[in-house]
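Worksheet for the structure shown next.
The values are calculated or read from the model by the stated rules, or taken from the named source; none is laboratory data. Keep in mind that what you see is a predicted model, and the values were worked out from it rather than measured. Cβ coordinates were reconstructed from backbone atoms using ideal geometry, including for glycine residues, and neighbour counts include every protein chain displayed. Areas reflect the complete protein model, heavy atoms only, side chains present, ligands, DNA and RNA absent. Shrake-Rupley method; radii C 1.70, N 1.55, O 1.52, S 1.80 Å.
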Amino acid sequence: MLRGVDLAVEDHEVVCLIGASGSGKSTLLRCIDLLEPVDAGRIWIEGDEVTAAGVDQNSVRRRIGIVFQAFNLFPHMTVMRNVTLAQEKALERSAAQARTKATELLGRFGLADKAEDYPDRLSGGQQQRVAIARALALDPDVMLLDEVTSALDPVLVAEVLDAIRELAVGGMTMVIATHEMGFARDVANRVAFLEQGRILEEGPPEQMFSEPREEATRRFLDRIIAAGRM
Amino acid sequence: MVSTLVFFAIVGLLIIRSSGWPVVRQSFFDGEEFALAFPEILSKFGRNVFIFCVAEVLVLTFALLLAVLRSLPGPVFAPLRLFAAAYTDIFRGVPTILVIALLGFGMPALELKGLPNSDVFWAILALTLVYSAYVAEVYRAGIESIHPSQVASARSLGLTRGQSLRHVVLPQAVRRVVPPLLNDFIGLQKDSALVAFLGYTEALQQARIIQATDFNFTPYVALALIYVCITIPQTRFVDWLIARERTKRQGGGEL
């Protein structure tokens with residue numbers, strides 16, 4: 001449940017959403033990708049209002065890449081097929097084109113030798129990198145990452161964060177919901193703190209993490225520090 | 001293991017030493033009669049195989065259609081959902097033999113031009129109608145067992161609802177329901193014997209003819225043996241398929 005979120009993300013900007021579980025981070029991302037029904041409010045991408053009546057939701061989703069906490073790879077397909085399927089079916093690329101794109105992306109994320117494996121054989125970190133490659137394969141305008149490291153073994157978190165860092169350096173526009181405060185401070189141009197479905201406060205990471213304006217933000221960060229997560 | 005052997009030995013002894021055994025052996029387990037009847041029944045069993053093979057292919061397709069109809073969302077599709085649900089309720093409720101009789105005797109009796117009056121045609125149709133109701137429920141259970149996150153994931157990649165169903169949901173659902181599907185198919189194969197009710201000479205009818213001529217029930221035992229011989233390998237085959245699928249997906253069979 002979101003109540004009054006006003007957020008503008010510039011091209012090539014990385015915005016991190018922080019806040020307690022249930023504060024609306026995931027819901028916000030799912031709304032942007034039209035995976036949740038939007039009852040009120042409007043969303044624009046590159047000047048097109050995607051929440052307008054009569055908009056083809058499928059074509060909107062093709063412009064947005066989303067990666068989920070639980071990877072959600074297709075377990076009955078090889079890694080390669082996971083990455084080529086939507087390229088062929090949604091973007092109508094030829095099998096050869098899709099394969100070339102997939103090979104390039106898998107290589108970039110260190111998964112070249114996993115292409116013909118099935119997802120269940122991969123570690124969580126590898127699966128999540130496949131999920132990132134799968135989303136990127138559609139050349140989205142923006143990537144949405146929903147707590148992509150929360151389901152991972154601590155030792156596997158770094159490899160996924162490195163992949164995302166690389167995307168940020170490459171100029172990908174991203175909205176990232178995360179509990180990794182160190183990572184958020186590193187990679188974000190802007191950090192937004194959500195509480196009870198509202199953006200309570202936003203600002204550059206240095207300011208947000210060292211001198212937040214709101215009492216609630218401070219309390220949240222104190223709890224994170226106490227939990228040893230920062 | 002030992003106790004099992006002892007148990008069956010005792011049961012076997014009790015049967016063989018019962019006073020009625022010599023008569024039973026003569027009328028059910030007559031070697032000569034068996035040698036005579038078996039090839040004849042086996043040759044007619046080909047007709048059963050034809051009936052259930054064609055019916056199985058039709059059931060696989062029609063039941064899938066029913067299951068998909070039933071899973072369509074939104075108020076627009078309410079009539080289709082209702083149709084699929086009513087269909088399943090009716091055809092699961094009526095005994096198979098009645099459907100076979102109603103179609104097999106009733107439809108040709110209408111003497112409508114263009115309607116075939118072959119027993120095989122109506123038998124296949126009746127078996128398809130009945131078993132599609134069961135198999136549709138099996139498919140539906142499979143479809144509903146796929147976690148919604150799989151659909152969310154497919155839709156988030158820009159796949160349409162139909163594409164998500166076709167490429168993501170159904171392939172996983174069907175794999176999951178192969179064992180119960182086979183269960184229904186074995187039922188269908190056995191029910192192909194009900195076509196005898198129409199007077200069509202398939203294997204059961206053939207066994208009945210021989211039994212009535214020779215006053216000996218051994219032909220029934222022969223037919224029972226044929227059924228067991230075709231159903232058991234199918235079960236083993238599916239076990240093998242499932243094991244292979246698991247190895248492929250998870251590797252090494254370590255689980």
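Here are a few things to note about the model shown:
- Residues of the range A:20-41 that turn out to be in contact with an Asp or Glu (Cβ under 6 Å, 6 or more places away or on another chain) and not hydroxyl-bearing (S, T, Y), as a count: 2
- Of residues in the range A:29-40 being within 14 Å of chain B (Cβ to nearest Cβ) and open to solvent by less than 80 Å² (accessible area, probe 1.4 Å), the one nearest to the chain's Cα centre (by Cα): A:L29
- Single residue of the range B:147-168 satisfying the filter (within 10 Å of chain A (Cβ to nearest Cβ) and within 28 Å of the chain's Cα centre (by Cα)) that is surrounded by the most Cβ atoms within 10 Å (Cβ to Cβ): B:V168
- Given (1) under 24 Å from A:E46 (Cα atoms); (2) in contact (Cβ under 8 Å) with a residue 12 or more places away in the chain; (3) surrounded by fewer than 22 Cβ atoms within 10 Å (Cβ to Cβ), number of the condition A:F183 does not satisfy: (1)
- Helices (runs of 4 or more DSSP H) fully within the range A:41-127 counting 1 or more residues that are over 22 Å from the mean Cα position of the chain (by Cα) and more than 9 Å from chain B (Cβ to nearest Cβ): A:79-89, A:95-108
- Single unsatisfied condition, B:L69 versus (1) within 30 Å of B:A224 (Cβ to Cβ); (2) open to solvent by less than 70 Å² (accessible area, probe 1.4 Å): (1)
- Looking only at the range B:1-55, and only at residues there that are over 30 Å from B:I100 (Cα atoms) and polar (S, T, N, Q), the one that is surrounded by the most Cβ atoms within 10 Å (Cβ to Cβ): B:S27
- Pairs with Cβ under 7 Å, 6+ apart, first in the range A:193-209 and among the hydrophobic types (A, V, I, L, M, F, W, C), second open to solvent by 60 Å² or more (accessible area, probe 1.4 Å) and at pLDDT below 90: A:I199/A:D6
- Of all residue pairs spaced 6 or more apart or on separate chains, those with beta-carbon atoms under 8 Å, a first member in the range A:119-137 that is within 24 Å of A:R63 (Cα to Cα) and a second member that is crowded, with 22+ Cβ neighbours inside 10 Å and hydroxyl-bearing (S, T, Y) are A:Q128/A:T149; A:A135/B:S156; A:A137/A:T84.
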